[in-house]
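Read-outs throughout are calculated quantities, based only on the coordinates presented, and are distinct from any laboratory measurement. Quantities reported herein were computed from a predicted structural model and do not represent experimental measurements. Virtual Cβ from ideal backbone geometry, glycine too; neighbours counted across all protein chains shown.
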Amino acid sequence: MVENKQLAILFPGQGSQEPGMGKDLAEYWSDAMDLWKLGEKISGYPLREIFWDGNAEDMAQTRYLQPAMTVVNLSLWMFIQKKQAPSPLFMAGHSLGEFSALCASKVLNIEETLKLVSLRGRLMAEADPEGKGKMAAILKLKQEIVEELVQEVHQETGQIILVANYNTPAQFVVSGTIDAVDLVVKKVKKQKGRAVVLPVSGAFHSPMMEEAAQELATFMAKLEWSAPRVPIYFNATGQKEIDPAKIKQIMSRQMTSSVYWIQIIQAIFSDGGNHFVEIGPKGVLSRMVGQILAEDKDKIEVKSVATLEDTKYEF
């Protein structure tokens, strides 16, 4: 049992979707159902039909997933707040989940957030119409080896390739051109690691998203950015920021920057965070926290709040 709990809230992103997500809460609480309807109105997509009655292929589509995941995260967060749970001292979101953190911390309002993620989802879905980019998860290799392999491939090919996600000490994601990613995958197998090609529509979190990122940044510039009520730790830096002008600048490069998730969790823990609660479906981030802070597992508590039943958790 962790004493003197200091609460950190985490929001998941793409890859945490699952059939029926958010349905139980929406049918129980009308405000959650209203949020789904708002998400549908803003995105222009039948999100409830896709995620409550649809198939896995449709649910994986970026343009649908981004507004839907944000609706689920925020409806759970709003319901927990209604129950007067303790206020967190730290907040973060993984990739897409970062926009839920912005909204939960009152940097942006709900309508602005849903407009932003709907646009982001469309831009990312359309960013690589010729299919030039690719992503692959790299497992069972240390960070320095993965970075060395990526650097080798970049030097050999001259093509775009980078570590796009630092997820856990044994899980990384590379992003770049098809040829470069394929060559990294071959080198990983020679090193006795494991590589899994991801079913995504482009090389996310890489310079290949530059055009889409610029369009998103143009939209961001029109929004009113407020100081966060809870400090947010950002993907592109791995550190916290509370200045709204700097936050907007950081977010303008989020689509092209790596996700420094290992560094975020380590920074929160270093700053005193020891009670990590993931708000959103599937519990992917909760497992990541346990792996990142494995050496300090006796000093932390990790919980996933993914369903209506989970909201009974005593914070």
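Some points to look at:
- Given [x] 71, 43, 39; [y] 55, 46, 39; [z] 66, 45, 36, the label whose value is Cα extents along the principal axes in Å derived from this model: [y]
- Cβ charges +1 (Lys, Arg) and -1 (Asp, Glu), total dipole of segment 133-197, debye: 380
- Given 12 as the ceiling on other Cβ atoms within 10 Å, longest exposed-site-free region of the chain for GluC sites (Glu not before Pro) in DSSP loops: 4-129
- Seen through its C-alpha gyration tensor, with square-root eigenvalues sorted a ≥ b ≥ c, segment 1-156 comes out oblate because a/c lies at 1.5 or above while a/b is not bigger than b/c.
- Evaluated at q = 0.21, 0.23 Å⁻¹: base-10 log I(q)/I(0), Debye formula over Cα of segment 98-152: -0.81, -0.83
- Cα-centred dipole magnitude for the chain, charges only on beta-carbon of K, R (+1) and D, E (-1), debye, nearest 20: 300
- Only one residue of V174, Q151, L139 has its Cα farthest out toward the positive end of the dipole of segment 133-197, where Lys and Arg carry +1 and Asp and Glu -1 on Cβ, and that residue is L139.
- Straight-line cross-link partners of K37 among the aspartates and glutamates, defined as a Cα under 14 Å from its Cα and at least 8 positions apart when in the same chain: E27, E49, E111.
- Rounded if a/c under 1.5, otherwise prolate or oblate - segment 176-315, Cα gyration tensor axes: oblate
- Whole-Hz Karplus values for segment 96-107 come out as 3, x, 4, 6, 5, 5, 4, 6, 4, 8, 6, 6 Hz, taken residue by residue from phi with 6.51 cos²θ - 1.76 cosθ + 1.60 and θ = phi - 60°; glycine and proline positions read x.
- Restricting segment 83-137 to trypsin sites (Lys or Arg not before Pro) in coil, as DSSP defines it, with at most 16 other Cβ within 10 Å: K83, K106, K132
- Among beta bridges that DSSP assigns inside the chain, antiparallel share in %, nearest 5: 55
- Gain on full stretching of the segment that runs from D58 to L139 - 0.36 nm per residue minus C-alpha separation: 26.5 nm
- Sequence-distant contacts, meaning Cα pairs under 8 Å at least 6 residues apart, place the relative contact order of segment 133-197 at 47 percent.
- Among N274, N55, N167, residue whose mean-square fluctuation peaks in a GNM of the chain (springs only between Cα atoms under 10 Å): N55
- Net dipole in debye of segment 114-231 [+1 Lys, Arg Cβ; -1 Asp, Glu Cβ; about Cα centre; nearest 20]: 600
- Subset of K23/K82; K189/K297; K82/K312; K132/K190; K5/K303; K5/K140 violating a 21 Å alpha-carbon distance limit: K189/K297; K132/K190; K5/K140
- Label-point separation in nm, R287 to K82, each point 7 Å along Cα→Cβ: 3.0
- Among L114, Q239, M251 - extreme Cα towards positive end, dipole of the chain, charges at beta-carbon: Q239
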